[in-house]
Amino acid sequence: MNILKFPVLLVVVLLFTFSLSSCGGGDSDPEPDVDVVDPPADGDDDGNASTDEQIFDDFVASQMSSQRLPAVGAIIFKDDQILHEGYYGKSNVEQNLPLEESHLFLIASISKTVTGVALLRLYDEGKFDLDDPINDYLSFPVNNPNSDTPITFRMLLTHTSSIIDGDLLYDNYTFGGDTPIALKSFMESYLKEGGSRYDANDNFSDAEAGTEFNYSNAASALIGLLVEEISGKSFVEYTRDDIFTPLGMLSTSWRLDEITETIVQPYEVEDDDFVKIDHYTFPDYPNGGLRTTPREMANFTAAIANGGSFDGYELLKSSTVEEMLTKQIPNLDETMGLHMFLQNESLGLWGHNGGEQGTSTEMAFDPVTKIGVLVFTNMSDADLTEIYEEAFELGKKLQ
């Protein structure tokens with residue numbers, strides 16, 4: 001990891017004095033993929049909408065200062081319309097580069113929602129049933145050596161497969177480029193008996209499959225491999241052709257070598273300095289390796305919030321979305337849908353959050369009002385809960 005230190009106190013001062021206005025981006029930026037709603041002018045019927053937006057922007061700035069966040073991208077939408085968006089702080093501190101709407105964030109585990117949808121699209125096509133054993137569709141067997149119960153698709157999608165994250169799942173980062181290890185090769189080495197990363201005790205739970213909730217990055221990566229095995233396409237190709245391109249997510253990518261736009265620089269804080277982290281990838285990328293913008297990810301999130309469709313494109317059947325946003329294992333976990341969580345029960349918000357080296361992210365939406373929010377930052381271990389809750393409350397005022 002290459003690191004470069006920059007005084008945090010100086011950046012905090014910069015953050016207080018800098019906040020981009022809503023709907024940022026230069027003249028060369030492409031038209032947004034969703035309609036932008038102009039903020040209400042002063043003196044309209046509400047009389048306070050603009051004030052509400054400014055209060056929210058000021059709140060984001062205060063959170064950035066208190067948590068030492070270099071940049072925050074936040075977007076609020078309803079249906080297919082953007083209600084408010086803001087790009088605050090610095091995409092790159094050392095270069096003094098302001099965050100813009102075209103800059104891409106690594107969204108960490110929010111990536112799992114895309115991976116889950118990719119698999120559920122194949123379910124919509126009748127390629128499998130949710131309670132089918134996955135071994136009927138894989139080119140190598142995946143069995144818990146401590147359990148006789150077959151692992152099913154539903155178990156993978158609800159983190160009850162008994163596949164767990166062992167030590168050999170980690171420390172497989174490639175910094176400065178794309179991983180040279182193929183998804184299938186990596187998953188086979190981790191899950192197939194005799195594989196170089198196989199450990200019967202460390203990679204699998206002692207519990208029977210389907211009887212224990214255990215959040216699993218390894219199982220989520222296996223979902224990506226199942227998409228490959230069932231569709232006959234690489235996971236990168238399938239998600240690009242069937243999700244990103246139809247939804248207008250033209251900058252979104254799993255691979256660094258496909259990205260031409262600016263990637264937001266990841267940071268950590270060490271000894272009161274910002275520590276710059278090289279851009280990185282990992283072979284189990286379907287569980288957390290997607291890079292996208294708040295605007296582009298809003299298109300995907302809106303499709304789910306809208307019952308499966310966005311701008312005339314059916315991402316999922318409405319019945320599948322309904323199943324996705326239904327508690328699947330209330331006896332084991334009260335928040336688990338199908339690769340989607342009930343993020344905030346009091347507000348009725350479904351979604352997912354994410355955290356990786358140099359990034360923290362939140363996705364939350366209400367399938368009833370169809371209001372959703374996305375909040376991304378380029379700092380490890382940030383708490384974005386209050387920001388996304390305030391964003392949702394602003395969305396209710398602006399709808």
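Considering only region 98-112, I want to know if a residue exists there that is without any contact (Cβ under 8 Å) to a residue 12 or more places away in the chain and of a type in the set (D, E, K, R).
Taking every residue of region 98-112 in turn, none turns out to be without any contact (Cβ under 8 Å) to a residue 12 or more places away in the chain and of a type in the set (D, E, K, R).
I need every pair where a residue in region 277-296 that is of a type outside the set (V, I, T) has its Cβ under 7 Å from the Cβ of a residue that is open to solvent by 10 Å² or more (accessible area, probe 1.4 Å) and modelled with pLDDT under 95, sequence separation at least 6 or different chains.
Cβ pairs passing all conditions: D278/M1; D278/N2; R295/P32; R295/D33; E296/D33.
Can you find a residue that is closer than 30 Å to E270 by Cβ and in contact with a Lys or Arg (Cβ under 7 Å, 6 or more places away or on another chain) anywhere in region 349-357?
Yes.
For region 162-219, how many residues meet the condition of being part of a helix (DSSP H, G or I), over 22 Å from G355 (Cα atoms) and open to solvent by 60 Å² or more (accessible area, probe 1.4 Å)?
2
Tell me the residue from F105, F153 that is within 16 Å of the chain's Cα centre (by Cα) and of a type in the set (F, W, Y), please.
Exactly one of F105, F153 is within 16 Å of the chain's Cα centre (by Cα) and of a type in the set (F, W, Y), namely F105.
Counting residues that are surrounded by 17 or more Cβ atoms within 10 Å (Cβ to Cβ), charged (D, E, K, R) and on the phi < 0 side of the Ramachandran plot, which strands (runs of 3 or more DSSP E) fully inside region 254-347 reach at least 2?
The strands (runs of 3 or more DSSP E) meeting that bar are 273-276.
Give me a count of the residues in region 125-144 that are open to solvent by 30 Å² or more (accessible area, probe 1.4 Å) and in a helix (DSSP H, G or I).
The qualifying residues number 2.
List every residue pair whose Cβ atoms lie under 7 Å apart, where the two residues are 6 or more positions apart in sequence or sit on different chains, the first residue falls within region 240-251 and is under 15 Å from H103 (Cα atoms), and the second residue, located anywhere, is assigned to a loop (DSSP other than H, G, I, E, B) and open to solvent by 30 Å² or more (accessible area, probe 1.4 Å).
Filtered contacts from region 240-251: S251/E261.
Could you tell me whether L222 is hydrophobic (A, V, I, L, M, F, W, C), open to solvent by 30 Å² or more (accessible area, probe 1.4 Å), within 30 Å of D278 (Cβ to Cβ) and in contact with a helix residue (DSSP H, G or I) (Cβ under 7 Å, 6 or more places away or on another chain)?
no
Report yes if T239 is in contact with a helix residue (DSSP H, G or I) (Cβ under 7 Å, 6 or more places away or on another chain), on the phi < 0 side of the Ramachandran plot and either at pLDDT 95 or above or hydroxyl-bearing (S, T, Y) (or both), otherwise no.
Judged against the criteria, T239 is a match.
If only one of S162, S220, S231 is of a type outside the set (A, V, I, L, M, F, W, C), in contact with a His (Cβ under 8 Å, 6 or more places away or on another chain) and under 24 Å from G337 (Cα atoms), which one is it?
Just one listed residue meets the conditions, S220.
Test L226 against the stated conditions and say whether it is part of a loop (DSSP other than H, G, I, E, B), modelled with pLDDT of 95 or more, more than 19 Å from S147 (Cα to Cα) and hydrophobic (A, V, I, L, M, F, W, C).
When the stated conditions are applied, L226 does not pass them.
Do you know which residues across region 88-117 are part of a strand (DSSP E or B), open to solvent by less than 10 Å² (accessible area, probe 1.4 Å) and in contact with a helix residue (DSSP H, G or I) (Cβ under 8 Å, 6 or more places away or on another chain)?
Y88, G89, F105
Given the criterion touching a Pro at 6+ places or on another chain (Cβ under 7 Å) and within 26 Å of L122 (Cα to Cα), identify the matching residue among L325, L316.
Step by step, each of L325, L316 is checked, and only L325 is touching a Pro at 6+ places or on another chain (Cβ under 7 Å) and within 26 Å of L122 (Cα to Cα).
Which residue out of E193, E101, E125, E188 is modelled with pLDDT of 95 or more, closer than 23 Å to T326 by Cβ and acidic (D, E)?
Of the residues listed, the single one that is modelled with pLDDT of 95 or more, closer than 23 Å to T326 by Cβ and acidic (D, E) is E125.
The values are calculated or read from the model by the stated rules, or taken from the named source; none is laboratory data. All of these numbers come straight from a predicted model, not from anything done at the bench. Note that each Cβ is placed from the backbone with ideal geometry, even for glycine, and that neighbours are counted across all protein chains shown. Calculation scope for accessible area: heavy atoms of the full protein, side chains included, ligands and nucleic acids excluded. Shrake-Rupley method; radii C 1.70, N 1.55, O 1.52, S 1.80 Å.
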